[in-house]
Each structure stands twice: as C-alpha cells, then as structure tokens.
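For reference, the structure is listed below as structure tokens.
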Amino acid sequence: MEKIGFIGVGKVGTAFGTRLAEGGFPVRGAMDIVPKESRRFADSVSGCKVYATAQSLADSMDFVFITTPDDVIGQVAAQVRWHAGQTVIHCSGANSTAVLEPARKSGCHVGCMHPCNTFASIQQSLENLMGSTFTLEAEEPVLSDLKKFVAALNGRWMMLHGEDKALYHASICIACNYLYTLMGIATDLWKNFDISQSDAVAACMPILTGTLNNIEKVGFPGCLTGPIARGDVGTIRKHIAALEKAEPALVPLYKALGLATIPMGLAKGTLPTDKAAELREMLSA
Ligand SMILES: NC(=O)c1ccc[n+]([C@@H]2O[C@H](COP(=O)([O-])OP(=O)(O)OC[C@H]3O[C@@H](n4cnc5c(N)ncnc54)[C@H](OP(=O)(O)O)[C@@H]3O)[C@@H](O)[C@H]2O)c1
C-alpha cells in the first residue's frame, strides 16, 4: 500500500493512524484544522509529515482518511480536488459512502470503516481501537485494503449496506450513549439519600460489569433479572411511588423502560402472563 494520510487527527484519526503505522502501514501525512493536533500526531508517527491544508495532503497521498466530525466529512470531500485512482475513506457510523460522492465522481475509490467502539479521549482511543469490530461499506479493491487494516488492528469485520447505516448507528447510540444517560440518571438519584454520584458510580460498578457479563455469557432473554423478570408487581408500584416523590420527571422514562422490558420477561418464561398484564396496565397509566 502507498502513502496514507489523515484529514482530522482527533481521537479516531490518531488511533487509526498510530495503530496502522505500528502495524507497518505507511502513514505519511496529517492535517487538522487545529495545527498543534497535526504536530502532535506527526511527532508520534515516524515518517509522518504535517500538511497545512486538506488539499496539500490530498495532493501527496494515495489513501486518505477523512476523520473529521461527521458533519464536516462531506464539506472536505466536496472542497478537495481529488485525483483519479486515490482512495478516500471515512469512519462515520451514521453516514454512508454517499457523503464521499464528490471524490467518487473524481475517479476515487471510496469506502467506510466504522469502529464499533467508543473513544472518549486520545489515550483511551489508542487503547480501545485494537480488537474492535469494524463495519465496512466498500467494494474491491478498497475492501481488501480495509480487511488488511482490520487484521492489523486485531479486529473483526462485518459488511453493512449504506442504506442501513442510520439504523445501525441508532442502535450503537442506544447501546453506548444512552447507557451513559441511564447510568448518569441512576447514580444521580443517590443524592436523595445523601450519597454522592461518584460514590454511587463506585458502588454500581460491580452490578454494571455483572450486567454486561450476563449479556455476553447468558444472552437475551435469560440475562434479565429483577422485579419485571420475577413479576413482582408490588415492587414496581413502590418504585413508581418513590420516584413520584423524589424525581417526578423521571416517572415517564421509568415507565417506558419498564414497558419495554415486559416482552423480555415473557420471553424468558419467568414473568407470568397475568402479572405481565398487571404491569402493563400500571406502567401505561
Ligand atoms: N469518538 C467516537 O467514539 C467515535 C466512534 C466511532 C466513529 N467515530 C467517527 O470518527 C470520526 C472522527 O470522530 P472523532 O471522535 O475522532 O472526532 P474528534 O476527536 O473531534 O476529531 C476530529 C478532528 O478533526 C478536526 N477538524 C474539524 N474540521 C476539520 C477540517 N475541516 N479539516 C481538518 N480537520 C478538521 C477537529 O478539530 P476541532 O476539534 O477544532 O473541530 C478535530 O481535531 C467521525 O466520523 C466519528 O463519527 C467516532
């Protein structure tokens, strides 16, 4: 493979660039709208040069990753004058390769390689990228290159059609981002009994990791525990009463999540149908 460059070297660009260089790929160019970020990246990747503009980087590279924020990918793809035969990639989960259409029209090969993982800081991105699952949207010859990247990153790959990206990304958003939301809400409730959120987080870590282990090792629906799995209608009634007193704004969310949990309890076989009906009525009220 010939020269690889990155436009946008934040969390994902840095993780890809660094790990691919370590895997022996020729990462030779970095450009970021924040010059000190380009410098940081180039200083950490042997043989990598800083480019002042996206155009100058694209003029010198054969394989270009656009790892800017999602909303900027299309602008970069449209602004750069590409040359035929180049390959242009992005790593967005929500966008298809359609956003790279200007590059494709200029005779470039295009593709998308989304790491199905979460990257909250540069250091943590470097740690998390290896071993990820990557969803790929590409045709040959790009597909073979992306599979080589996945192998170097010790990952797994799956193919995804462009038209499925938005739904796929909505799923990732629920699984990852809204888990933060749920844990933020859950641990914030502890202030009502004078325990700080940080102490609540520490206290909840074993139950959280246990829950994730159950999802992985027991699977759905057998992993479900708690009052809905058991059909404990009285306990759910107590939860609602307590929330109405302490944090009434949370009651609709609590009820919606409870309703969404009933089918899992039924599928597990531990929630009797009459209790499910009682719960459904209480949670729909
Ligand atoms: N973070 C995740 O968990 C995650 C997971 C999977 C996939 N992704 C995807 O990875 C891609 C990059 O995300 P990220 O989290 O790495 O974002 P990020 O950390 O914000 O990095 C993006 C970098 O691009 C820079 N930039 C903005 N506009 C630019 C332009 N016109 N030209 C050059 N550089 C520009 C940004 O500068 P400013 O900070 O000044 O804007 C920033 O330094 C996105 O497509 C995202 O969907 C992210």
Restricting attention to the stretch 68-96, which residues are open to solvent by less than 20 Å² (accessible area, probe 1.4 Å) and of a type in the set (Ser, Thr, Tyr)? Thr87, Ser92
Of the residues in the stretch 160-178, those that are surrounded by 13 or more Cβ atoms within 10 Å (Cβ to Cβ) and either in contact with a Cys (Cβ under 6 Å, 6 or more places away or on another chain) or not in a helix (DSSP H, G or I) (or both) come to Leu160
Which residue pairs have Cβ atoms under 8 Å apart, sit 6 or more places apart or on different chains, and have a first residue in the stretch 149-163 that is closer than 12 Å to Ser132 by Cβ and a second that is polar (S, T, N, Q) and surrounded by fewer than 19 Cβ atoms within 10 Å (Cβ to Cβ)? Gly155/Thr133; Arg156/Thr133; Trp157/Thr133; Met158/Thr133
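Considering each of Val12, Val27 in turn, give the residue that is on the phi < 0 side of the Ramachandran plot, among the β-branched types (Val, Ile, Thr), assigned by TED's automatic domain parsing to the domain that holds Met130 and more than 11 Å from the ligand (Cβ to nearest atom). Break it down into steps so the answer makes sense when it comes.
Details: Val12 fails: more than 11 Å from the ligand (Cβ to nearest atom).
Going through Val12, Val27 in turn, just one is on the phi < 0 side of the Ramachandran plot, among the β-branched types (Val, Ile, Thr), assigned by TED's automatic domain parsing to the domain that holds Met130 and more than 11 Å from the ligand (Cβ to nearest atom): Val27.
Whether any residue in the stretch 43-56 is of a type in the set (A, V, I, L, M), away from the ligand (no atom under 14 Å from the Cβ), touching a strand residue (DSSP E or B) at 6+ places or on another chain (Cβ under 8 Å) and open to solvent by less than 30 Å² (accessible area, probe 1.4 Å) is what I want to check.
Within the stretch 43-56, one or more residues are of a type in the set (A, V, I, L, M), away from the ligand (no atom under 14 Å from the Cβ), touching a strand residue (DSSP E or B) at 6+ places or on another chain (Cβ under 8 Å) and open to solvent by less than 30 Å² (accessible area, probe 1.4 Å).
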So, of the residues in the stretch 113-143 that are closer than 13 Å to Gly17 by Cα and near the ligand (Cβ under 9 Å from one of its atoms), which turns out to be most open to solvent (accessible area, probe 1.4 Å)? Ile122
Please specify each residue of the stretch 144-159 satisfying the condition of being surrounded by 14 or more Cβ atoms within 10 Å (Cβ to Cβ) and within 18 Å of Gly93 (Cβ to Cβ). Leu146, Phe149, Val150, Leu153, Gly155, Trp157
If the requirement is being farther than 21 Å from Ile122 by Cα, touching a helix residue (DSSP H, G or I) at 6+ places or on another chain (Cβ under 8 Å) and modelled with pLDDT of 95 or more, which of these qualifies: Ala58, Ala103, Ala15, Ala30? Ala103
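Would you list the helices (runs of 4 or more DSSP H) that sit entirely within the stretch 210-273 and hold 3 or more residues that are of a type outside the set (A, V, I, L, M)?
Working: elements: 227-230, 233-246, 251-268.
Filter on the stretch 210-273 gives 233-246, 251-268.
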Name the strands (runs of 3 or more DSSP E) wholly inside the stretch 1-105 in which the number of residues that are in contact (Cβ under 8 Å) with a residue 60 or more places away in the chain and within 22 Å of Lys148 (Cα to Cα) is 1 or more. 4-7, 63-66
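I want to confirm something. Restricting to the stretch 179-209 and keeping residues that are of a type in the set (Asp, Glu) and assigned to a helix (DSSP H, G or I), which single residue is most open to solvent (accessible area, probe 1.4 Å)?
Going residue by residue through the stretch 179-209, those that are of a type in the set (Asp, Glu) are 188, 194, 199.
Within this subset, residues satisfying the condition of being assigned to a helix (DSSP H, G or I) are 188, 199.
Details: Asp188: 64, Asp199: 92 Å².
In this case the residue turns out to be Asp199.
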Could you list, in sequence order, the residues of the stretch 115-154 that are in contact with a Cys (Cβ under 6 Å, 6 or more places away or on another chain) and under 25 Å from Gln55 (Cα atoms)? Glu137
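The values are calculated or read from the model by the stated rules, or taken from the named source; none is laboratory data. Quick caveat: nothing in here was measured; it's all calculated off a predicted structure. Reconstructed Cβ throughout: ideal geometry from the backbone, glycine too, with neighbour counts over all protein chains shown. Just so you know, the surface numbers come from the protein's heavy atoms only, side chains and all, with ligands and any DNA or RNA stripped out. Shrake-Rupley method; radii C 1.70, N 1.55, O 1.52, S 1.80 Å.
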